[in-house]
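Structure, as structure tokens:
The values are calculated or read from the model by the stated rules, or taken from the named source; none is laboratory data. These figures come from a predicted structure and were not determined experimentally. Cβ coordinates were reconstructed from backbone atoms using ideal geometry, including for glycine residues, and neighbour counts include every protein chain displayed. Side chains included, ligands, DNA and RNA excluded: accessible areas come from the protein's heavy atoms. Shrake-Rupley method; radii C 1.70, N 1.55, O 1.52, S 1.80 Å.
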Amino acid sequence: MKGQCAHRKIIIAFLSILLLMLVPPENYIIFIGYISVVGIFSIYLLPLSVIIKRTLSLFPFVILLIIFLPFKKGSIPMFKWYNVIIYYEGSMLFLSILLKAWISIMILTLLYFSSPFPEIIKGFKFLGIPNIFILLTSIMYRYIYLFVDLAKKMETARKLKYFGKNRNLYIKMYASSIGLLFIKAYEKGDQIYNAMILRGFDGEENN
Amino acid sequence: MEKKIIEVKNYTFKYPDGREVLSNINFSVMQKECFGIIGANGAGKTTLLLSMVGILKGKGLIKIDGLILSEKTLKEIRKKVGFLFQDPDVQLFSPTVYEDVAFGPINLGLPPDIVKNKVEHALSKVGLSGFENRISHHLSIGEKRKVALAGILSMEPDMLLLDEPSSGLDPRARRELLKLLFNLEKTKIIATHDLDLVNILCDRLMILKKGIVVWIGKPSDILEKKKILEEYGL
């Protein structure tokens, strides 16, 4: 099989993320350095709007995980409003985790856009990543497109059926299509597993 | 066509809710025969095919190339039988065509050079030589179905079970698939709605209606009888 192997890029990306995780919360200079280097590379590869859209799309999930940090962690009050206190240490930690998550996503986006996916998979194989992990990553990558496509079709169908201004109905339709997407994902997963076992897959690693 | 290679005797399948999908199915398929299973939607065609490879388990006897289908013989039977799913997206789970087609031979434990030969041979058989590095989800549905078929052929099974092989194909892709299947000298069981396809490919036909075998015979004996076909939901 022809094609390049992205093992060097994978090593650099993961080492960068690992080092980033070790940076103490208040070392802004290092963060700025990271953002500058990764930012320059990203802009070189992609339009700025795409980078912002892709990297910020995961922010809600990160924020959801760390939202209470500024209220819980620390001893030096930064802001007080009745019983609600925002602490300095917690806020710094919140900010640093947010920045670390953003830079990590930028690094992974950079890796993804600088190498075709088969090259990344080859890189994983070269680095001796277990086959089961590679298989799961491949399947996830492959089926994300299918489910995005399905979700788009459902969205179109929903729009075509929704005429009025009944917001409750729209929310109900939206909720049912999310449920339906889960059911379809389950069914598809079942069928894929059947297709795999019919081609000799038994859950064991094969080289 | 000498010996019986597939035998199904008194096979019944019920879903856990008690709904009977297949009822007392009896038929046999000879070696190198092309056997068609037709029936309306929900007649039980796919259920029957999935039962023949042990994905679904009902009551009765299923014998493949002398082996009675059971937990013990499942692995051996699955090596002998290639299964083409109706939806090719289900069968293509690797990023590239090469890896997809190589999936079966790798699982059979074959060495890399033999895997490579088998992949190249299978791809050339379906007319997709040079597609090795193509990304599976960027292919047309006709190409996807051919890659799925190559993925089965690379395992060199003795028989093929094909579930709606022509569904969703444009006329050209359908013609190509038909030609491809026609030239495959293997035992084939084809479950389909495509009456033209069974007329061209199949030596014998079985009609299923609501899980019951209502007719078995030569395609030419039934396909002209439009009224009877309509009665069976076709």
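Here are a few things to note about the model shown:
- Taking a ≥ b ≥ c as the square roots of the eigenvalues of the Cα gyration tensor, chain A is oblate, since a/c reaches 1.5 or more and a/b is not larger than b/c.
- Considering only beta bridges that DSSP places wholly inside the protein assembly as shown, some 55 percent are antiparallel.
- Lysines whose Cα lies under 16 Å from that of residue A:80, excluding same-chain neighbours fewer than 8 positions away: A:72
- FRET efficiency for the pair residue A:190 and residue A:64, taken as 1/(1 + (r/R0)^6) with r the Cβ-Cβ distance and R0 = 22 Å, rounds to 0.15.
- Other protein chain Cβ atoms within 10 Å, averaged over every residue that makes up B:154-160: 1
- Computed over region A:7-120, relative contact order equals 35 percent, with contacts defined as Cα pairs under 8 Å that lie 6+ residues apart.
- The relative contact order of chain B, computed from alpha carbon pairs under 8 Å that lie at least 6 residues apart in sequence, is 27 percent.
- For region B:4-231, the residue among B:96, B:200, B:44 whose Cα projects farthest onto the positive side of the dipole built from Cβ charges is B:44.
- Under the span-like rule (Cα at least 24 Å along the axis, Kyte-Doolittle mean at least 1.0), DSSP H helices of chain A: A:28-45, A:88-114
- Legend: mean number of C-beta atoms from other chains within 10 angstrom of residue C-beta atoms, peptide A:111-123, equals 2.
- Per residue solvent-accessible surface (Å²) - region B:4-231, probe of 1.4 Å: 44
- Model label zone, residue A:183; criterion: amide N under 15 Å from point 7 Å along Cα-to-beta-carbon; scope region A:125-156: A:154
- Summing Cβ point charges (Lys, Arg +1; Asp, Glu -1) relative to the Cα centre of chain A gives a dipole of roughly 860 debye.
- The spacing between region B:157-203 and region B:58-121, judged by their C-alpha centroids, is 18 Å.
- Overall, region A:130-197 carries a charge dipole of about 520 debye about its Cα centre when +1 sits on the Cβ of Lys and Arg and -1 on the Cβ of Asp and Glu, all other atoms neutral.
- Annotation: extensible slack from residue A:170 through residue A:76 equals 29.2 nm (criterion: 0.36 nm per residue apart, minus Cα-Cα distance).
- Entries of B:144/B:209; A:184/B:75; B:9/B:63; B:57/B:80; A:53/A:122; B:3/B:59 with Cα pairs more than 20 Å apart: B:144/B:209; A:184/B:75; A:53/A:122; B:3/B:59
- Mean-position separation - Cα centroids, region A:94-135 and region A:145-159, in angstrom: 27
- Solvent exposure of region A:103-207 as accessible area per residue, Å², 1.4 Å probe: 62
- When only Cα pairs below 8 angstrom with a gap of at least 6 residues are kept, chain A shows a relative contact order of 25 percent.
- In plain terms, the C-alpha convex hull of region A:7-120 casts an average shadow of 8.1 nm² when viewed from every direction.
- Ordering of B:30-39, B:97-106 by packing is B:97-106, B:30-39, highest average first (other Cβ atoms within 10 Å, averaged per residue).
- Take the Cα of residue B:30, step 7 Å toward its Cβ, do the same at residue A:26, and the gap between the two points is 8.9 nm.
- Remark: region A:69-130 carries a charge dipole of roughly 120 debye about the Cα centre, counting +1 on each Lys and Arg Cβ and -1 on each Asp and Glu Cβ.
- Buried surface for the A/B pair, taken as the accessible area of each chain alone minus that of the pair with a 1.4 Å probe, is close to 2700 Å² in total.
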